[in-house]
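The values are calculated or read from the model by the stated rules, or taken from the named source; none is laboratory data. This is a predicted model, so every value here is computed, not measured. Here the Cβ positions follow ideal geometry from the backbone for every residue, glycine too, while neighbour counts run over all protein chains shown. What goes into the accessible areas is simple: the full protein's heavy atoms, side chains included, and nothing from ligands, DNA or RNA. Shrake-Rupley method; radii C 1.70, N 1.55, O 1.52, S 1.80 Å.
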Amino acid sequence: PLTTRFGHGSVTVTVKMQINEGGAFPWHYDNPAPPNKRKVTIAVYLTSNWQAADGGALELWPFLAPPPTSIAPRMNTVVIFRSDLVLHRVEKLKPTARRTCFTIWFDSDNVNHDEDVNLREKHLVQTSVPHLRRSPLQRSLSRLLYDAEYRSSLSECFGEASREYAISIKLHDAHCAPLLKNAKLAEFVALLRSLQADPIKT
(Lines give C-alpha, C1' and ligand atoms only; values in the text may rest on other atoms or scores of the structure.)
Protein backbone atom coordinates (compact mmCIF):
# COMPACT_ATOMS: atom_id res chain seq x y z
CA PRO A 1 0.00 0.00 0.00
CA LEU A 2 1.02 3.59 -0.69
CA THR A 3 -0.02 6.24 1.85
CA THR A 4 0.02 10.02 1.48
CA ARG A 5 -0.94 12.50 4.19
CA PHE A 6 -1.50 16.20 3.65
CA GLY A 7 -3.21 19.08 5.42
CA HIS A 8 -4.59 22.53 4.88
CA GLY A 9 -5.34 24.65 7.92
CA SER A 10 -7.14 22.50 10.48
CA VAL A 11 -8.05 19.77 7.96
CA THR A 12 -5.82 16.73 7.53
CA VAL A 13 -6.45 14.15 4.82
CA THR A 14 -4.82 10.73 4.42
CA VAL A 15 -5.00 8.80 1.14
CA LYS A 16 -3.97 5.15 0.99
CA MET A 17 -3.77 3.14 -2.23
CA GLN A 18 -4.04 -0.65 -1.94
CA ILE A 19 -3.69 -3.51 -4.37
CA ASN A 20 -4.47 -6.76 -2.52
CA GLU A 21 -3.99 -10.30 -3.75
CA GLY A 22 -5.49 -12.58 -1.12
CA GLY A 23 -5.78 -11.69 2.55
CA ALA A 24 -8.50 -10.13 4.70
CA PHE A 25 -9.04 -7.39 7.28
CA PRO A 26 -10.68 -8.24 10.64
CA TRP A 27 -13.52 -6.30 12.27
CA HIS A 28 -12.44 -2.83 13.36
CA TYR A 29 -13.29 0.86 13.54
CA ASP A 30 -11.10 3.24 11.55
CA ASN A 31 -11.14 5.49 14.61
CA PRO A 32 -11.04 3.08 17.59
CA ALA A 33 -10.15 5.66 20.28
CA PRO A 34 -7.86 8.63 21.04
CA PRO A 35 -5.41 9.82 19.83
CA ASN A 36 -6.93 8.84 16.46
CA LYS A 37 -8.66 11.82 14.81
CA ARG A 38 -10.39 10.19 11.85
CA LYS A 39 -13.92 11.45 11.27
CA VAL A 40 -14.95 10.24 7.81
CA THR A 41 -13.83 7.28 5.71
CA ILE A 42 -14.25 7.16 1.94
CA ALA A 43 -13.38 3.97 0.06
CA VAL A 44 -13.17 4.08 -3.74
CA TYR A 45 -12.96 0.73 -5.52
CA LEU A 46 -11.12 0.21 -8.79
CA THR A 47 -11.43 -3.58 -9.10
CA SER A 48 -12.24 -4.64 -12.65
CA ASN A 49 -13.97 -7.92 -13.53
CA TRP A 50 -14.83 -8.68 -9.88
CA GLN A 51 -16.95 -11.79 -9.23
CA ALA A 52 -18.64 -12.92 -6.01
CA ALA A 53 -16.42 -15.99 -5.85
CA ASP A 54 -13.37 -13.70 -5.60
CA GLY A 55 -14.33 -12.52 -2.09
CA GLY A 56 -12.87 -9.30 -0.72
CA ALA A 57 -16.22 -7.59 -0.13
CA LEU A 58 -16.48 -4.80 2.43
CA GLU A 59 -18.86 -5.63 5.27
CA LEU A 60 -20.39 -2.82 7.35
CA TRP A 61 -22.05 -3.59 10.68
CA PRO A 62 -23.87 -0.70 12.38
CA PHE A 63 -24.26 -1.29 16.11
CA LEU A 64 -26.98 -3.84 16.97
CA ALA A 65 -28.12 -3.95 13.35
CA PRO A 66 -29.13 -7.17 11.58
CA PRO A 67 -26.37 -9.14 9.81
CA PRO A 68 -23.74 -6.97 8.10
CA THR A 69 -24.27 -5.19 4.81
CA SER A 70 -21.91 -6.53 2.14
CA ILE A 71 -20.56 -4.22 -0.56
CA ALA A 72 -18.78 -5.64 -3.57
CA PRO A 73 -15.46 -3.96 -4.47
CA ARG A 74 -16.55 -3.31 -8.05
CA MET A 75 -15.05 -0.62 -10.26
CA ASN A 76 -16.27 2.92 -9.44
CA THR A 77 -18.07 1.91 -6.23
CA VAL A 78 -17.72 4.58 -3.54
CA VAL A 79 -18.50 3.97 0.16
CA ILE A 80 -18.67 6.78 2.74
CA PHE A 81 -19.10 6.25 6.48
CA ARG A 82 -18.23 7.69 9.88
CA SER A 83 -14.83 6.40 10.99
CA ASP A 84 -15.83 6.25 14.67
CA LEU A 85 -19.33 4.79 14.20
CA VAL A 86 -19.21 1.90 11.74
CA LEU A 87 -17.67 -1.46 12.56
CA HIS A 88 -16.41 -3.06 9.37
CA ARG A 89 -14.14 -5.67 7.85
CA VAL A 90 -12.96 -6.99 4.48
CA GLU A 91 -13.80 -10.63 3.86
CA LYS A 92 -11.12 -13.02 2.64
CA LEU A 93 -9.97 -12.46 -0.92
CA LYS A 94 -9.17 -15.43 -3.14
CA PRO A 95 -5.37 -15.63 -3.61
CA THR A 96 -5.73 -15.56 -7.38
CA ALA A 97 -8.01 -12.50 -7.32
CA ARG A 98 -7.06 -8.84 -7.04
CA ARG A 99 -8.78 -6.09 -5.04
CA THR A 100 -7.83 -2.52 -5.88
CA CYS A 101 -8.99 0.54 -3.97
CA PHE A 102 -7.92 3.75 -2.41
CA THR A 103 -9.15 4.95 0.96
CA ILE A 104 -9.43 8.57 2.07
CA TRP A 105 -9.64 9.55 5.73
CA PHE A 106 -10.63 13.04 6.83
CA ASP A 107 -9.35 13.96 10.29
CA SER A 108 -11.16 16.33 12.64
CA ASP A 109 -10.59 17.88 16.04
CA ASN A 110 -14.29 17.26 16.69
CA VAL A 111 -13.94 13.57 17.59
CA ASN A 112 -13.29 11.49 20.72
CA HIS A 113 -14.73 13.93 23.21
CA ASP A 114 -15.28 12.70 26.75
CA GLU A 115 -18.89 11.76 25.97
CA ASP A 116 -17.70 9.70 22.97
CA VAL A 117 -15.12 7.70 24.89
CA ASN A 118 -16.08 7.23 28.53
CA LEU A 119 -18.80 4.68 29.08
CA ARG A 120 -20.57 5.30 32.39
CA GLU A 121 -22.98 3.40 34.58
CA LYS A 122 -25.89 5.56 33.36
CA HIS A 123 -25.40 4.07 29.88
CA LEU A 124 -25.81 0.47 31.06
CA VAL A 125 -29.60 0.41 30.73
CA GLN A 126 -31.87 -0.61 27.88
CA THR A 127 -33.18 2.93 27.42
CA SER A 128 -29.67 4.01 26.37
CA VAL A 129 -29.63 1.62 23.37
CA PRO A 130 -30.92 4.20 20.83
CA HIS A 131 -28.18 6.59 21.98
CA LEU A 132 -25.49 3.90 21.69
CA ARG A 133 -26.56 3.16 18.12
CA ARG A 134 -25.71 6.77 17.20
CA SER A 135 -22.74 7.33 19.50
CA PRO A 136 -19.04 6.41 19.25
CA LEU A 137 -19.52 5.06 22.80
CA GLN A 138 -20.53 1.82 21.08
CA ARG A 139 -16.82 1.17 20.52
CA SER A 140 -16.45 0.45 24.24
CA LEU A 141 -18.89 -2.45 23.88
CA SER A 142 -18.34 -3.83 20.40
CA ARG A 143 -15.59 -6.34 21.23
CA LEU A 144 -17.73 -7.74 24.03
CA LEU A 145 -20.95 -7.84 22.02
CA TYR A 146 -19.33 -9.26 18.89
CA ASP A 147 -16.70 -11.40 20.61
CA ALA A 148 -17.28 -14.49 18.45
CA GLU A 149 -17.28 -12.43 15.27
CA TYR A 150 -14.02 -10.68 16.20
CA ARG A 151 -12.38 -14.05 16.86
CA SER A 152 -13.65 -15.53 13.62
CA SER A 153 -12.42 -12.59 11.55
CA LEU A 154 -8.97 -12.78 13.17
CA SER A 155 -8.83 -16.47 12.30
CA GLU A 156 -9.83 -15.75 8.69
CA CYS A 157 -7.33 -12.95 8.42
CA PHE A 158 -4.25 -14.59 9.94
CA GLY A 159 -4.92 -18.33 10.26
CA GLU A 160 -5.08 -19.90 13.71
CA ALA A 161 -1.61 -21.43 13.46
CA SER A 162 0.05 -18.06 12.93
CA ARG A 163 1.95 -15.91 15.40
CA GLU A 164 -0.12 -12.91 14.31
CA TYR A 165 -3.33 -14.70 15.27
CA ALA A 166 -1.97 -15.66 18.71
CA ILE A 167 -0.91 -12.06 19.39
CA SER A 168 -4.21 -10.62 18.13
CA ILE A 169 -6.28 -12.99 20.28
CA LYS A 170 -4.21 -12.13 23.35
CA LEU A 171 -4.76 -8.44 22.73
CA HIS A 172 -8.48 -9.02 22.23
CA ASP A 173 -8.74 -11.01 25.47
CA ALA A 174 -6.68 -8.42 27.33
CA HIS A 175 -9.17 -5.78 26.22
CA CYS A 176 -12.28 -7.78 27.12
CA ALA A 177 -11.32 -9.52 30.37
CA PRO A 178 -11.10 -6.44 32.64
CA LEU A 179 -14.41 -5.11 31.30
CA LEU A 180 -16.23 -8.36 32.01
CA LYS A 181 -15.11 -8.23 35.64
CA ASN A 182 -17.64 -5.44 36.03
CA ALA A 183 -20.82 -7.38 36.81
CA LYS A 184 -23.18 -4.64 35.67
CA LEU A 185 -21.34 -4.25 32.38
CA ALA A 186 -21.35 -8.01 31.79
CA GLU A 187 -25.09 -8.07 32.50
CA PHE A 188 -25.67 -5.21 30.05
CA VAL A 189 -23.68 -6.98 27.32
CA ALA A 190 -25.88 -10.05 27.84
CA LEU A 191 -28.91 -7.79 27.40
CA LEU A 192 -27.46 -6.37 24.18
CA ARG A 193 -26.90 -9.88 22.84
CA SER A 194 -30.54 -10.72 23.51
CA LEU A 195 -31.63 -7.54 21.70
CA GLN A 196 -29.38 -8.40 18.79
CA ALA A 197 -30.99 -11.84 18.58
CA ASP A 198 -34.47 -10.25 18.64
CA PRO A 199 -34.26 -6.78 17.01
CA ILE A 200 -38.00 -6.21 17.55
CA LYS A 201 -37.23 -5.61 21.25
CA THR A 202 -35.17 -2.54 20.36
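Only residues that are farther than 24 Å from Lys92 by Cβ and in contact (Cβ under 8 Å) with a residue 40 or more places away in the chain: list them for the range 166-185, please. Result: Lys184, Leu185.
The rows are residues; the columns are (1) more than 19 Å from Phe25 (Cβ to Cβ); (2) touching a residue at least 40 places away in the same chain (Cβ under 8 Å).
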site: Pro95; (1), (2): no, yes
site: Thr103; (1), (2): no, yes
site: Asp107; (1), (2): yes, yes
site: Asp114; (1), (2): yes, no
site: Arg120; (1), (2): yes, no
site: Arg133; (1), (2): yes, yes
site: Arg143; (1), (2): no, no
site: Ala148; (1), (2): no, no
site: Ser153; (1), (2): no, yes
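Scanning the range 73-83 for residues that are surrounded by 15 or more Cβ atoms within 10 Å (Cβ to Cβ) and either modelled with pLDDT under 95 or more than 13 Å from the chain's Cα centre (by Cα) (or both) yields a total of 3. For the range 132-165, the set of residues classified as out of contact with any Asp or Glu (no Cβ under 8 Å at 6 or more places or on another chain) and farther than 19 Å from Arg89 by Cα consists of Leu132, Arg134, Ala161, Ser162, Arg163, listed by residue number.
So that you can scan it fast, the table gives a plain yes or no per residue for (1) at positive phi; (2) open to solvent by less than 50 Å² (accessible area, probe 1.4 Å); (3) touching a helix residue (DSSP H, G or I) at 6+ places or on another chain (Cβ under 9 Å); (4) not in a helix (DSSP H, G or I):
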{"residue": "Ser152", "(1), (2), (3), (4)": "no, no, no, no"}
{"residue": "Cys157", "(1), (2), (3), (4)": "no, yes, yes, no"}
{"residue": "Ala161", "(1), (2), (3), (4)": "no, no, no, yes"}
{"residue": "Ser168", "(1), (2), (3), (4)": "no, yes, yes, no"}
{"residue": "Leu171", "(1), (2), (3), (4)": "no, no, no, no"}
{"residue": "His175", "(1), (2), (3), (4)": "no, no, yes, no"}
{"residue": "Lys184", "(1), (2), (3), (4)": "no, no, yes, no"}
{"residue": "Ala190", "(1), (2), (3), (4)": "no, no, no, no"}
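Selection over the range 47-68 of residues that are farther than 21 Å from Asp147 by Cβ and either open to solvent by less than 60 Å² (accessible area, probe 1.4 Å) or not in a loop (DSSP other than H, G, I, E, B) (or both) gives a count of 9. Is it the case that Thr12 is modelled with pLDDT under 95 and farther than 29 Å from Tyr165 by Cβ? Against the criterion (modelled with pLDDT under 95 and farther than 29 Å from Tyr165 by Cβ), Thr12 qualifies. Where helices (runs of 4 or more DSSP H) fall entirely within the range 92-146, those with at least 1 residues that are acidic (Asp, Glu) and open to solvent by 10 Å² or more (accessible area, probe 1.4 Å) are at 114-117.
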